[in-house]
Amino acid sequence: MDLNSLTLFQRANTELDYLTERQKVLAANLANANTPGYVAKDLEKPRFDEVLKDTLPLSVTNEKHFATLPSETSSGGVFTPRPDYALTIDGNGVIIEDQLNKVADTKGDYNRMLSIYTSYRNMLRTAAAKVGS
């Protein structure tokens, strides 16, 4: 059985890919912590309704149910959030502690998603083994 053909595993792979890319962006921020003029970047997380549109057939019963939410960027992907703090004298906008917190949060999310993926995979393997016996 190809697990990647199941929607649950496709979504899990998508989330793991997103978290991997976010770690790369955060690593670049940390690597440029002393680069003059560099401002920290982040990776926009896909909105929940965008993820669901290919998974479940949705019907709108009220026009306000899936109204467009404001986004920091309309293009998606890597963006530079507006800093809510003063830049250094050389224009650098990387606060190492904030970036390390984001790295830790992303690592936790990755480990959680990997745990869910592994749990479902093991359940399916157990069920398949019992059926095959």
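The values are calculated or read from the model by the stated rules, or taken from the named source; none is laboratory data. Source: prediction; values computed, not measured. Note that each Cβ is placed from the backbone with ideal geometry, even for glycine, and that neighbours are counted across all protein chains shown. The area values use the complete protein model at the heavy-atom level, side chains included, leaving out ligands, DNA and RNA. Shrake-Rupley method; radii C 1.70, N 1.55, O 1.52, S 1.80 Å.
Are any residues in region 116-133 of a type outside the set (A, V, I, L, M) and either in contact (Cβ under 8 Å) with a residue 12 or more places away in the chain or more than 17 Å from Leu6 (Cα to Cα) (or both), and if so, which ones?
Tyr117, Tyr120, Arg121, Lys130, Gly132, Ser133
Output the qualifying pairs, or none if there are none: Cβ atoms under 8 angstrom, residues six or more apart or on different chains, first residue in region 29-52 and within 22 Å of Glu15 (Cβ to Cβ) and of a type in the set (Phe, Trp, Tyr), second residue surrounded by 13 or more Cβ atoms within 10 Å (Cβ to Cβ) and at pLDDT 95 or above.
Final answer for the pair search is none.
Can you spot a residue in region 6-19 that is at pLDDT 85 or above, open to solvent by less than 70 Å² (accessible area, probe 1.4 Å) and more than 30 Å from Ala129 (Cβ to Cβ)?
yes
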